[in-house]
Amino acid sequence: MTHRARHNEREDFLGSSADVPGRDATPGRGEFLELLGLALAAGAFVLLVVRPEVSEALVHAFATGTAGLVH
């Protein structure tokens with residue numbers, strides 16, 4: 001005979017965080033943020049492919065900014 005463990009109701013809750021009582025969540029916000037992130041990543045990729053000198057300028061700006069923080 002197998003022993004079945006009893007779980008607390010909060011532990012085995014498999015719904016979304018919007019379904020949890022006391023949690024405020026905007027439905028559909030995650031999908032919008034995911035779409036926005038993908039659009040930004042695709043735009044950055046296209047910019048780096050079309051204009052490769054942009055990546056060099058970004059690396060230079062990052063290097064000079066961090067060098068300024070060291071001194």
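Go through segment 26-51 residue by residue and tally those that are loosely packed, with under 10 Cβ neighbours inside 10 Å and not in a helix (DSSP H, G or I).
Here the count works out to 3.
Here are some conditions: (1) more than 12 Å from the chain's Cα centre (by Cα); (2) at pLDDT 90 or above. GLY15 meets all but one. Which one does it not meet?
(2)
Looking only at segment 53-65, how many residues end up being modelled with pLDDT under 90 and open to solvent by less than 60 Å² (accessible area, probe 1.4 Å)?
The total comes to 2.
The values are calculated or read from the model by the stated rules, or taken from the named source; none is laboratory data. Since this is a predicted model, take the numbers as computed values, not measurements. All Cβ positions, even for glycine, are placed from backbone atoms using ideal geometry, and neighbour counts span all protein chains on display. Quick note on the areas: whole protein, heavy atoms, side chains included, nothing else; ligands and nucleic acids left out. Shrake-Rupley method; radii C 1.70, N 1.55, O 1.52, S 1.80 Å.
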